[in-house]
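Down below is the structure, laid out as structure tokens.
The values are calculated or read from the model by the stated rules, or taken from the named source; none is laboratory data. Computed from a predicted model, the values in this text were never measured in an experiment. Every residue, glycine as well, gets a Cβ built from its backbone with ideal geometry; the counts of neighbours run over all protein chains shown. Remember, those area values only see protein heavy atoms, side chains included, never the ligands or the DNA or RNA. Shrake-Rupley method; radii C 1.70, N 1.55, O 1.52, S 1.80 Å.
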Amino acid sequence: MESYLNDNFGVKPKGSSEEALKRWRERGGVTKNPKRRFRFTANLAKRDEAAAMRVTNQERLRIAVLVSKAAFQFIPSLTPSEYIVPEEVKVAGFQICADELGSIVEGHDVNKLRVHGGVSGIAEKLSTSITNGLNTNDDSLNRRQEIYGINKFTESQVQSFWVFIWEAFQDKTFMIAAVMARSSPLDKHTLVKHLRTTHDEVVAVTGDRTNDAPALHEADIGLAMGIAGTEVAKESADVIILDDDFSTIVTLAKWGRSVYLNVQKFIQFQLTVNVVALIVNFSSACLTGNVPLTAVQLWWVNMIIDTLGALALVAEPPTDDLMKRSPCWKKRKLISNVMWRNILGQSFYQFVVIWYLQAKGKAIFCLDGADSDLILNTLIFNSFVFCQVFNEINSREMEKINVFKGILENYFFVAVLSGTVFFQIIIIEFLGTFANTSPLTLAQWFLSLFIGFLGMPIAVGLKMINCRNYMNQWCFFNFLINCGSLFSILEL
């Protein structure tokens, strides 16, 4: 076979010429599975492409080198633009301003320093001396302060070495870091375990080596390095920092706090809607035998307003103010006192308004006739929906009064609010048969909108109540009631 290839194609067992290999590969058109047959034979086309690319890259590198050489030869010949001394600086007796000095120092501009005469030239323009320093004349110092400002550093009191050691031992974080730095993997694991169990602390551990795996696994949050970390450390960790940058942990904490806070907003808004709808329908059915909110209307409130509104609250982006909040204790209740204050306050307001409309609505709006009940129930339903719309805006901030800050940055939130109002108009005006509603007049629409808007000043008043003091007073009031009951039992 080797002699046949050599005689007919000029292909030798080793060291064949490129022309012979090319002729041999051209016969691949009639060969079964040519890629497998010629897998040990050089692909001349690919070789030519690689050679052309190599030549192109070499040419580009040569041009880049020539351009760099020309640039380095041209840069020293550049002369900065003529520096003009401001008039106020000249009047004060100096030849250089503070901005020019800042540009030289911050930019490490050697050319500007050379133009101004180097260090000695700068000193001369500042009316000072390299050897003797500043002139201590009061007038000269005042003029210097007016031009260059005041740079005073309060000298700290000199402390002894033993005071420094004592303060270091008072720092718990320093002590833990000092212990962790020179401890064995078993010691790290033991320290993390005791911090979690004995001291009931939330522990986060960073590591990148195999021996850090036990501590990473034991910690509440294990953080491993994505680049420098070993596979064992990554498998034991909960979070992998892909860029090995510790500042990413700050972003992680910010997003974690944002998710927790948004879930609380969602729960606050959801409970308010459901509590009011449940109490209104249940109490009305028990007392009057009729319900103001029909099944279709409740479906609209729960499936559209409630669900989409809650998603809009969860989609709130994180802000830098979240990092100013104190961390949450791991046993802290998800529904806080602040949330209960907002839920109960808004629920009470909405319940009173709906009950008042149901009891006095016909007299207020002079409704009579066969469709008076339908119009009144539509007005109640419309007012209830707008109460939820404005309460959704109030739920963006559970403690702060300004609830409109950054609202336009959350496009999903704005879209949900706009869509809710738009479809509410469609349901009231055009889907009366389906939703059991009746078209309302402009005055009735304005009243519904006004009832919903009143929830915002009420929310402001609720946020001014100190929940901690209020809850303490409530607990003390319960304590007095229990004590009175106990004394009554003892008297009996």
In whole percents, the bins of 10 Å from zero upward hold the Cα-Cα pairs of segment 286-399 as 11, 33, 30, 16, 8, 2
Sorted from largest down, what three extents in whole angstroms do the Cα atoms of segment 371-453 have along their principal axes?
-> 43, 21, 18
Rounded to the nearest 20 debye, dipole of segment 357-465 from Cβ charges on Lys, Arg, Asp, Glu | 320 debye
Residues with amide H under 5 Å of Thr206's amide H, sequence separation 5 or more or different chain, H placed in the peptide plane at 1.01 Å from N; which?
-> Leu223
Taking H placed 1.01 Å from N in the peptide plane, check which residues at least 5 places from Asp244 or on another chain put their amide H under 5 Å from its amide H.
-> Gly226, Ile227
Arranged from highest to lowest average of other beta-carbon atoms within 10 Å per residue, in what order do the peptides 120-129, 244-253, 225-234 appear?
-> 225-234, 120-129, 244-253
Length gain on complete extension for the stretch Val296 to Val232, per 0.36 nm per residue less the alpha carbon to alpha carbon distance?
-> 17.5 nm
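Hey, can you find the accessible area per residue of segment 270-362 for me, probe 1.4 Å, expressed in square angstrom?
54 Å²
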Just check segment 187-255 against the gyration tensor rule for me: Cα atoms, a ≥ b ≥ c as the square roots of the eigenvalues, rounded for a/c under 1.5, and otherwise prolate or oblate depending on whether a/b exceeds b/c.
-> oblate
Taking Cα centroids, how far is segment 413-440 from segment 340-357 in Å?
-> 23 Å
Net charge (Lys, Arg +1; Asp, Glu -1) of residues whose beta-carbon lies under 12 Å from that of Asp320, Asp320 excluded, is +3
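Calculated FRET efficiency, Ser247 and Lys331, Cβ-Cβ r, R0 25 Å, to nearest 0.05?
FRET efficiency, Ser247 to Lys331: 0.25.
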If you look at just the Cα atoms of segment 184-333, how large are its Rg and its Dmax in Å?
-> 23.0, 74
Residues with amide H under 5 Å of Leu293's amide H, sequence separation 5 or more or different chain, H placed in the peptide plane at 1.01 Å from N; which?
-> none
Which of Lys188/Lys234; Lys265/Lys400; Lys400/Lys463; Lys188/Lys330; Lys265/Lys333 have a Cα-Cα distance over 19 Å?
-> Lys188/Lys330
Residues of segment 190-211 with backbone N under 19 Å of the label point set 7 Å from the Cα of Leu322 along Cα→Cβ are 204
Reachable aspartates and glutamates, given that their alpha-carbon falls under 15 Å from the alpha-carbon of Lys331 and they are not under 8 places away in the same chain = Asp200, Glu201, Asp220
Approximate spin-label separation Asn410-Ser103, in nm, with each point projected 7 Å along Cα-to-Cβ = 4.6 nm
Leaving out same-chain residues fewer than 8 places away, which aspartates and glutamates sit with a Cα under 13 Å from that of Lys362?
-> Asp371, Asp373
Apply the Karplus parameterisation 6.51 cos²θ - 1.76 cosθ + 1.60, with θ equal to phi minus 60°, to every residue of segment 414-419 and state each ³J(HN,Hα) to the nearest whole Hz, in sequence, with x for glycine and proline.
-> 5, 5, 5, 4, 5, x
Dividing the convex hull volume of the Cα atoms of segment 231-299 by its residue count, what figure in Å³ per residue is obtained?
-> 136 Å³
